[in-house]
Amino acid sequence: MEWQKLVIDIFVQISKVLERALDGLTTEDLNYRPSHDTNSMGWLAWHIVRGQDRGIAGLLGEEQLWVKDGWHAKFNRPADPQDFGLSHTPEDVAAFESPDVSILAGYQQAVLSQTKRYLSQNLSEAELDREIDHPRFKNVEARLAAMINDNLQHDGQVAYLRGLLKGKGWLDV
């Protein structure tokens, strides 16, 4: 296996875990928050995909699918490329109204396709070393590693909240 395929497989697995965790949930379930200062599953799913869309579009030098393909309208949110949840307060999270699972899944699949395109066409050792204009990451490798880390953590949070809300047994192992 080439290392590029491994990176693609990591993003595919992140997507599959999120898809399974959200499967069958209602919008009420997606908006459930165990306390006033915690994130909902819908917000977390949105944040995972928004962050990936923003990051991959930036690496590609393209407009985010959020704006370009009008996903913001399906989420009833502004076409703001900087709106991806990083500075959201508990009040912002409480005000977030998740769309249904099919919209979350559609956006996730569109972003995964974009991610796979970038990784399969662009990912090389030279690309990993390419310096980027980002306040926290000096190159593509650091950006991708942070994106994977963030997505894995938030996938786990969604899965935990699913179990908290619905109990054991939702994840077929």
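So, in region 1-20, of the ones that are out of contact with any helix residue (DSSP H, G or I) (no Cβ under 8 Å at 6 or more places or on another chain) and aliphatic (A, V, I, L, M), which residue ends up nearest to Leu152 (Cα to Cα)? This residue is Leu6.
Residues checked against (1) in contact with an Asp or Glu (Cβ under 7 Å, 6 or more places away or on another chain); (2) closer than 17 Å to Ser40 by Cα; (3) buried (at least 16 other Cβ atoms within 10 Å of the Cβ); (4) of a type outside the set (Ser, Thr, Tyr):
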site	(1), (2), (3), (4)
Arg77	yes, yes, yes, yes
Asp80	no, no, no, yes
Pro90	yes, yes, no, yes
Ala95	no, yes, no, yes
Pro99	no, yes, yes, yes
Ala105	yes, yes, yes, yes
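The residues in region 121-158 that are closer than 21 Å to Ser15 by Cα, out of contact with any Leu (no Cβ under 6 Å at 6 or more places or on another chain) and modelled with pLDDT of 95 or more can be counted, and the count is 13.
One line per residue, one yes/no per condition, for (1) closer than 23 Å to Ala45 by Cβ; (2) more than 12 Å from the chain's Cα centre (by Cα); (3) surrounded by fewer than 18 Cβ atoms within 10 Å (Cβ to Cβ):
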position: Gln114; (1), (2), (3): yes, yes, no
position: Gln121; (1), (2), (3): no, yes, yes
position: Asp129; (1), (2), (3): no, yes, yes
position: Asn139; (1), (2), (3): no, yes, yes
position: Ala142; (1), (2), (3): no, yes, yes
position: Leu165; (1), (2), (3): yes, yes, yes
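Listed by position, the helices (runs of 4 or more DSSP H) inside region 5-72 whose residues that are among the polar types (S, T, N, Q) and surrounded by fewer than 21 Cβ atoms within 10 Å (Cβ to Cβ) number at least 2 are 27-31.
The values are calculated or read from the model by the stated rules, or taken from the named source; none is laboratory data. Fair warning: this is a prediction, and the values are worked out from it, not measured in the lab. Because the Cβ atoms are built from the backbone with ideal geometry, glycine has one as well, and the counts that use them run over all protein chains shown.
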